1. What number of residues in region 286-312 are of a type in the set (Ser, Thr, Tyr) and surrounded by 13 or more Cβ atoms within 10 Å (Cβ to Cβ)?
2. Pick from PHE245, PHE218, PHE241: which is among the aromatic types (Phe, Trp, Tyr), under 18 Å from the mean Cα position of the chain (by Cα) and at pLDDT 95 or above?
3. If you check ALA84 against the conditions, is it within 26 Å of ILE42 (Cα to Cα), part of a strand (DSSP E or B) and not acidic (Asp, Glu)?
4. Hey, among ILE200, ILE166, which residue is at pLDDT below 95, touching a Leu at 6+ places or on another chain (Cβ under 6 Å) and more than 19 Å from PHE245 (Cβ to Cβ)?
5. Considering (1) farther than 22 Å from PRO322 by Cα; (2) in a helix (DSSP H, G or I); (3) open to solvent by 40 Å² or more (accessible area, probe 1.4 Å), say which one LEU72 fails and leave the rest.
6. Do you know which residues across region 148-173 are open to solvent by 50 Å² or more (accessible area, probe 1.4 Å) and in contact with a strand residue (DSSP E or B) (Cβ under 6 Å, 6 or more places away or on another chain)?
7. Pick from GLY36, GLY77, GLY130, GLY125: which is at pLDDT below 95 and open to solvent by less than 50 Å² (accessible area, probe 1.4 Å)?
8. Of the residues PHE236, PHE241, which is crowded, with 20+ Cβ neighbours inside 10 Å and either more than 18 Å from SER148 (Cβ to Cβ) or among the hydroxyl-bearing types (Ser, Thr, Tyr) (or both)?
Amino acid sequence: MKTLRLLTAVSIAALVAAPSVASAQQKTLYVAGYGGSFEKTIRDEVIPAFEKENGVKVEYVAGNSTDTLAKLQAQKGNQQIDVAIVDDGPMYQAIQLGFCGKLDGLPADLYDTARFKDDRAVAIGIVATGLMYNTKVFKEKGWAPPTSWNDLKDAKYAKQLVIPPINNTYGLEALVMLSKMNGGGETNVDSGFKIFKEQINPNVLAYEPSPGKMTELFQSGQAVIAVWGTGRVQSFANTGFPVDFVYPKEGAATLLTTACPIAKPNASPLAASFVKMLLDPKIQLVMLKDYGYGPVLKSLVIPPELGKMAPIGERAAKLYNPDWTVINEKREEWTKRWNREVER
């Protein structure tokens with residue numbers, strides 16, 4: 001009987017323990033980040049290895065940066081997201097709102113531009129915002145490649161130009177650059193709004209935020225020129241479609257792709273581990289190859305064939321860094337004005 005009672009006790013203990021083991025195995029990490037080709041790279045190159053190494057299931061929630069920031073705001077006090085991958089502008093807002101946890105043990109050879117105050121986030125790639133054009137169409141029409149932000153005004157592009165809207169970093173940075181070229185800048189965007197309203201709008205086929213729809217408009221032949229980033233253009237070019245990226249002579253704008261672990265009670269340490277995996281030299285080279293991201297590690301040796309489009313070396317040094325402190329204070333006001341004056 002003693003033996004039976006002992007076996008029964010052991011069996012019960014095993015049954016009680018079993019759910020906790022199962023639940024540990026079924027633990028899920030929620031990562032919110034960009035859709036499109038970026039999502040594919042993360043799903044193919046990062047998630048499988050991370051899941052295998054850490055015994056965790058990773059669920060990827062696709063959306064643009066403002067979508068992800070809105071989710072964080074809506075879930076305040078009950079965060080479902082563990083890791084956020086967003087543009088630098090929304091990341092500054094996320095940090096200010098207290099959504100980001102601290103990252104310990106970041107690589108010592110990070111570029112200064114990749115670091116955020118108190119290590120509440122980190123850049124995982126450097127993108128340049130400039131111009132994309134269809135090289136085949138331009139050659140057939142005998143058009144010279146664009147060289148300037150002012151080319152967006154050229155009447156020959158009537159209804160063939162696509163620009164992401166102002167709630168997307170690419171569209172916002174185009175507004176800032178055009179303002180800066182015409183006596184303004186982050187503190188005064190009146191000239192940029194005037195140029196968009198009067199000189200660029202007639203050429204715009206669509207103010208399109210979706211990467212998938214952007215590529216569809218080019219593939220269908222409806223669009224031939226756009227404002228976009230090196231990452232998106234590199235991914236599109238990798239499919240074999242005839243597009244190239246232009247660094248405008250007045251300067252391309254910096255866009256940092258950034259990541260942070262979300263601060264919340266009982267936050268999983270795996271959130272920070274996922275962020276740091278994105279800084280692994282192998283992953284940095286994958287994102288350079290697949291996505292045209294300029295690496296954020298000083299010591300990384302870049303094969304020449306991978307550096308054709310990305311902002312590296314001299315190209316990275318010449319990028320214009322927008323003042324996000326000013327922009328984020330004005331962003332809601334600019335968005336309302338954009339919807340009233342530009343996208344009507």
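1. 2
2. Among PHE245, PHE218, PHE241, only PHE245 is among the aromatic types (Phe, Trp, Tyr), under 18 Å from the mean Cα position of the chain (by Cα) and at pLDDT 95 or above.
3. yes
4. Matching residue, one of ILE200, ILE166: ILE166.
5. LEU72 satisfies every listed condition except (3).
6. LYS159
7. So the residue among GLY36, GLY77, GLY130, GLY125 that is at pLDDT below 95 and open to solvent by less than 50 Å² (accessible area, probe 1.4 Å) is GLY36.
8. On the way: PHE241 fails: crowded, with 20+ Cβ neighbours inside 10 Å.
Answer to the selection: PHE236.
The values are calculated or read from the model by the stated rules, or taken from the named source; none is laboratory data. No experiment lies behind these values; they were computed from the predicted model shown. All Cβ positions, glycine included, derive from the backbone under ideal geometry; neighbour counts span all protein chains shown. Ligands, DNA and RNA are excluded from the accessible area calculation, which covers all protein heavy atoms including side chains. Shrake-Rupley method; radii C 1.70, N 1.55, O 1.52, S 1.80 Å.
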